[in-house]
Amino acid sequence: MRKWLLLLGILLAGCSYGTTSAPHRPPSDVMGPETRGPVLYARDCAWCHGSNGEGTARGPNLNGDLDGGAYTHFMLSTGRMPLSSPTARAQRRTAVLTPTQIDAVIEHVKTFGGTGPDIPKVEPTTGHLGTGSELYLSNCAACHSATGTGGALTSRRAAPHLTNPDITPVQMAEAMLVGPGCRNNDSTCGFGSGAMPNFDFSETEVNSITAYVSYLQHGGDHGGFAIGRIGPVAEGAVGWIIGLGSILLIGRWVGTRMGDNE
Amino acid sequence: MIKRLLVALDNRLNAASFTRRTLTKVFPDHWSFMLGEIALYAFLMLVLTGVFLTFFFDASQATTTYNGTYQPLNGVEVSQAFRSVLDISFDVRAGLVMRQAHHWAALIFVAAIIVHLCRIFFTGAFRKPRDINWVVGVTLLLLAIFNGFTGYSLPDDLLSGIGLRVLYSIALSIPLVGTWLAYLVFGGEFPAEGIISRLYSIHIMIIPLTIGAILTIHLALVWHQKHAQFKGPGRTESNVVGSRLWPTYAVKSVGLFFMVAAVIMALGGLFQINPVWFFGPFDPAQVTSPAQPDWYMGWMEGALRLFPPWEIGAFDHVIVPAPFFPAVLLPGITFAFLYAWPFLEAWLTGDHDAHNLLDRPRDRPIRTSLGVATLGFYIMLLVAGSNDLIAKWLLVNVGAVTNVLRVLLFVVPVFAGLLTFSLLRGLVASGARRLTDMPASAVWQSWKRDN
């Protein structure tokens, strides 16, 4: 029962996203590039991150050793930020800001003094799939699954699935560089947010990994319906319900004489 | 000409009277009596597809550089075993469909055995004189599960390697002999060179031959003791009413085989199972999540996930490590009870007579309720094997899921057993033919009448 209430609560919370994220003010593209960033930042970010990115009790600072172009672009372009309310869950959705607005906010956030990496240049076509698969299996599969379906972590966190083709190679590379999400002890992070570490990959390694993740997004299933790519749990269900289920129906038909009721 | 040949054969083998007796042997008619046959035909499909796979599988763990059709693993160091499974999947004609059909057949094989076991249990078919065949059947279940696990481990991919590591750790957890046993089975410390070839011999030779031999005994006993039948007009403890082997039953049975084969091959072609190319070659430094075993080992996996980290120690040493209880003791008790049940029930009820007429589940409400409760317990364990997936789907803490499941593990069987008991009493009291015909008030009435 509690589980169902919880589920209902989650569904309702999901509905409230749709209603509260809509009444954002109209795009402020009428402003010049110098004023656009600070105004958008003050409107959508400062409430939690502080007017100079110093952080507040509601959200982390934006002037640390990982903060900069890559981190900010990742958060804004995947729609994780800005949140519709400080307690909302930072999860992937359609970006709230337009690319021009995102660029403006990034330029403004950079002035806070963060020393993190800038938006990386990624070329998956130059990557090597074999190297990518080895690196992916060694570093990513433990949380995101070998098949890219994602998985549960401790403390109500979950590694998101990577098979969504909307995830761009640049976003993948940014995630590897900065390790988005919160440390496990960070109380300002919302429900279900991740705890990805940042990795020290070379440019060619990043290209290979993004090549492999793009491959996972766009194909790789060869044996028929992929049934979620979650392995033996789905396979067991199909084996019992579709496999043995249909055989039992057939067996019942074969084994029952016409006119028998039982 | 043919007639002369047959007469000549009969003169030497006296085959006519045997054949006549065989072909006219009568089997009782009920669709649930064909459940065991489903398992038999799934086994036959396992042998057929398995023989095909042996033509191409290489059990060596020697490393090689993969250089085949599957691009994303090109240039990766893999074992010969893994390389040959990739070849079967991508380069051997019909290899992937055969590999997948083999795996689906294994899942269905054990599932059919379980359903067959339930039919035997709930109808009391395990009672004397068939208690001996129950023992044979439980042995077949044990062998089927074990062979499933050895097969799951053969491709030498990341997921199956994780399974082997769990097995190795379970072996280590056995007090006193654990480390020796693990070394003996694996031939060294995990991941030992050569475990795949050992498992291969076990998987394709030792266990299948044993299953074949015991299956023969199982069927010979059905033949010799004759099939039990449900009560009905003209059916007594000393006769068998039904259809003759030839032509009725034989046609039905052969038809069933083709149907089973069709379903297994269709699954093999339509549903992807165990995509080892995603998992990549086994590397002890890697891990993937979610990682579950096939369903027939899932209850053990669930027990491992639910059991608290309790250990028994003395003199600064851990004598009994935690995995021993859920992964060695629980399966041990499970199969001990399965083996002992016919004799246990005879002892408990004082009924030591031979029975050739079957019970309906409602005739024995206590047995049926105990059976349902036991199924509830193992289904909850199976569910617990997916606690991480449940946490992910419901967006809740995996620890909370585990704790809820720890409670449900005991609540669900009790509830399921009591519910079954109540329903069966209502069913008997109302005289309804089926559960769906029973008025809901009958359950309440049956309890009220007692007080």
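The values are calculated or read from the model by the stated rules, or taken from the named source; none is laboratory data. The structure displayed is predicted, hence computed values, not measured ones. Positions of Cβ are backbone-derived with ideal geometry, glycine not excepted, and every protein chain shown enters the neighbour counts.
Odds and ends about this structure:
- Restricting B:210, B:236, B:150 to residues that are of a type in the set (Ser, Thr, Tyr), in contact (Cβ under 8 Å) with a residue 24 or more places away in the chain and surrounded by 17 or more Cβ atoms within 10 Å (Cβ to Cβ) narrows the list to B:150.
- Residue within the stretch B:43-59 that is within 10 Å of another protein chain (Cβ to nearest Cβ) and out of contact with any Cys (no Cβ under 6 Å at 6 or more places or on another chain) present: no
- The one condition in (1) over 29 Å from residue B:155 (Cβ atoms); (2) in the same structural domain as residue B:67 (by TED's automatic domain parsing) that residue B:365 fails to fulfil: (2)
- Scanning the stretch B:267-280 for residues that are facing chain A (nearest Cβ under 9 Å) and either touching a residue at least 24 places away in the same chain (Cβ under 8 Å) or buried (at least 24 other Cβ atoms within 10 Å of the Cβ) (or both) gives B:267, B:268, B:269, B:271, B:272, B:273, B:274, B:277, B:278, B:279, B:280.
- Under the condition of being more than 7 Å from chain A (Cβ to nearest Cβ), under 17 Å from residue B:148 (Cβ atoms) and touching a Pro at 6+ places or on another chain (Cβ under 8 Å), the residues counted in the stretch B:281-308 number 2.
- Residue count for the stretch A:107-118, restricted to those that are under 21 Å from the mean Cα position of the chain (by Cα) and either at the interface with chain B (Cβ under 7 Å from one of its Cβ atoms) or free of Cβ contacts under 8 Å to residues at least 60 places away in the same chain (or both): 1.
- Residue match in the stretch A:65-86 (condition: touching a Pro at 6+ places or on another chain (Cβ under 9 Å), among the aliphatic types (A, V, I, L, M) and either part of a loop (DSSP other than H, G, I, E, B) or surrounded by fewer than 19 Cβ atoms within 10 Å (Cβ to Cβ) (or both)): yes
- Of all residues in the stretch A:214-236 being out of contact with any helix residue (DSSP H, G or I) (no Cβ under 8 Å at 6 or more places or on another chain) and either closer than 19 Å to residue B:107 by Cβ or not in a helix (DSSP H, G or I) (or both), the one that is nearest to the other protein chains (Cβ to nearest Cβ): A:226
- Residue A:232 falls short on exactly one of the conditions (1) at pLDDT below 90; (2) out of contact with any Cys (no Cβ under 6 Å at 6 or more places or on another chain), and that condition is (1).
- Annotation: of all residues in the stretch B:160-174 being farther than 14 Å from residue B:301 by Cα and in contact with a Pro (Cβ under 8 Å, 6 or more places away or on another chain), the one that is surrounded by the most Cβ atoms within 10 Å (Cβ to Cβ) is B:161.
- Residue under evaluation residue B:264, criteria (1) of a type outside the set (Ser, Thr, Tyr); (2) over 19 Å from the mean Cα position of the chain (by Cα); (3) crowded, with 19+ Cβ neighbours inside 10 Å; (4) more than 7 Å from chain A (Cβ to nearest Cβ), criterion not met: (2)
- Identity of the residue in the stretch B:242-266, among the aromatic types (Phe, Trp, Tyr) and in contact (Cβ under 8 Å) with a residue 60 or more places away in the chain, that ends up farthest from residue B:232 (Cα to Cα): B:257
- The set of residues from the stretch B:319-339 being small (Gly, Ala, Ser), part of a helix (DSSP H, G or I) and surrounded by 15 or more Cβ atoms within 10 Å (Cβ to Cβ) comprises just one member, B:327.
- In summary, residue B:93 fulfils each of the numbered conditions (1) in a loop (DSSP other than H, G, I, E, B); (2) touching a helix residue (DSSP H, G or I) at 6+ places or on another chain (Cβ under 8 Å); (3) closer than 29 Å to residue A:221 by Cβ with the single exception of condition (2).
- One residue from B:28, B:72 being modelled with pLDDT under 95 and more than 9 Å from chain A (Cβ to nearest Cβ): B:28
- When the stretch B:75-101 is limited to residues that are among the small types (Gly, Ala, Ser) and within 13 Å of another protein chain (Cβ to nearest Cβ), the one that is surrounded by the fewest Cβ atoms within 10 Å (Cβ to Cβ) turns out to be B:94.
- The one condition in (1) within 14 Å of chain A (Cβ to nearest Cβ); (2) more than 23 Å from the chain's Cα centre (by Cα) that residue B:62 fails to fulfil: (1)
- Summed over the stretch B:393-408, residues that are surrounded by fewer than 20 Cβ atoms within 10 Å (Cβ to Cβ) and assigned to a helix (DSSP H, G or I) total 10.
- Residue in the stretch A:188-203 that is hydroxyl-bearing (Ser, Thr, Tyr), surrounded by fewer than 19 Cβ atoms within 10 Å (Cβ to Cβ), part of a helix (DSSP H, G or I) and at pLDDT 90 or above present: no
- Within the stretch B:1-34, the set of residues being farther than 30 Å from residue B:237 by Cα and among the polar types (S, T, N, Q) comprises B:11, B:14.
- Subset tally (residues that are over 20 Å from residue B:119 (Cα atoms) and basic (Lys, Arg)) for the stretch B:219-263: 1
- Qualifying residue in the stretch B:426-438 (condition: surrounded by fewer than 17 Cβ atoms within 10 Å (Cβ to Cβ), in a helix (DSSP H, G or I), more than 14 Å from chain A (Cβ to nearest Cβ) and in contact (Cβ under 8 Å) with a residue 40 or more places away in the chain): yes
- In the stretch A:119-143, the residues that are of a type outside the set (Phe, Trp, Tyr), more than 7 Å from chain B (Cβ to nearest Cβ) and either surrounded by 24 or more Cβ atoms within 10 Å (Cβ to Cβ) or not in a helix (DSSP H, G or I) (or both): A:119, A:120, A:121, A:122, A:123, A:127, A:128, A:132, A:140
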